[in-house]
Amino acid sequence: MAIFQETTSSPVEVDGRGAGGWQYRLGRLVLLPLGCALTVLIAWEFFCRASRISPALLPPPSAVWSVLSNNWKILFQQSVPTTLETIISFVVATLLGVALAVAITFSAWVREAFYPNVVMFQLIPKIALAPLFIVWLGVGSKSCIVVAVFIAFFPVVISTATGLVSAKPEVLQLCRSLTASEWQMFRLARFPYATPFVFAGMKVGVTMAMIGVIVGEFITGLGYIIMFASSAGETATVLAAIVLLCGIGLALFCLVALGEIAVQRWCGGEMPVGGSI
């Protein structure tokens, strides 16, 4: 009996859910990825210094940090339109994707008419359509937003449609037996079950929206900084803009994750530990 108590009385070492479980989760969710990133940066810096590789080919992290610290004003200024265009395109893509997913889920006519065309359109390389959008809409925010929307809305459509049909059949039968309307079934059964799928598509969509914005940026924004610096051989500036893009994308991704937690709690469910990516 004593042996059994000794092997089961320390839940922190097993799953991190005991009295000191918050330290365990903090280490896994924050300190572990930060430590991994720091190790990569140190190895990168050491490799660049030891091999004496040309900074134009692979600058060390210290050179990238120098560009960020010395040019933070212009980089921040150029990041504003990129961030705004990403947010607008992500919101539009989410609204279109959810609306189309609801339509193809509840209407066989809409599903048979639109779904094959949506899949076919997704197979078209979006980089090939970017010049056409620029010709039609001009160089600027409009073309960037349209390109980003067309890139970002597909994962939202697929994930949402998958989630809307994932409700348990017995739950739907119970709703029908209680004479629930289709709207009540959607609000109380289908949407709560679809919430993880919707936010999974949104997490992919927000990253794809940023990629679409960078593809469409030719005059302003960080996309212009990247292209101009690449043509001038300033690799450190390119990497500095990419680091800033990663920071913006990570912040938007975290906002979507926080929105997922809020919506699931509003729907009456609790997020399991480690149950969301």
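For the reader, a short list of remarks on this structure follows.
- Residue-count net charge about residue 147 - beta-carbon cut-off 11 Å; Lys, Arg +1, Asp, Glu -1: 0
- Net charge of neighbours whose Cβ lies under 13 Å from the Cβ of residue 102, counting Lys and Arg as +1 and Asp and Glu as -1: +2
- Stokes-Einstein diffusion for segment 167-233, with the hydrodynamic radius set to the Kirkwood value over Cα pairs and evaluated at 25 °C in a medium of 0.890 mPa s, equals 159 µm²/s.
- Gaussian network model of the chain, Cα within-10 Å springs - most flexible of 45, 217, 85: 45
- The chain: DSSP helices with Cα axial extent of at least 30 Å and average Kyte-Doolittle hydropathy no lower than 0.0: 72-106, 141-164, 191-216, 235-266
- Percentage relative contact order, the chain, counting C-alpha pairs under 8 Å, at least six apart: 22 percent
- Within the shell of other residues whose beta carbon sits under 15 angstrom from the beta carbon of residue 254, the net charge comes to 0, with Lys and Arg scored +1 and Asp and Glu -1.
- Here the alpha carbons of segment 144-202 define both size measures, Rg and Dmax, at 14.3, 49 Å.
- Which label in (i) 39, 33, 14; (ii) 23, 22, 20; (iii) 28, 22, 17 gives the computed semi-axes √(5λ) of the Cα gyration tensor in Å: (i)
- Accessible area per residue was computed with a 1.4 Å probe on protein heavy atoms; residue 172 scores about 20 Å².
The values are calculated or read from the model by the stated rules, or taken from the named source; none is laboratory data. Computed from a predicted model, the values in this text were never measured in an experiment. Heads up, the Cβs are rebuilt from the backbone with ideal geometry, glycines too, and the neighbour counts pull from every protein chain shown. Only protein heavy atoms, including side chains, enter the accessible area calculation; ligands, DNA and RNA are left aside. Shrake-Rupley method; radii C 1.70, N 1.55, O 1.52, S 1.80 Å.
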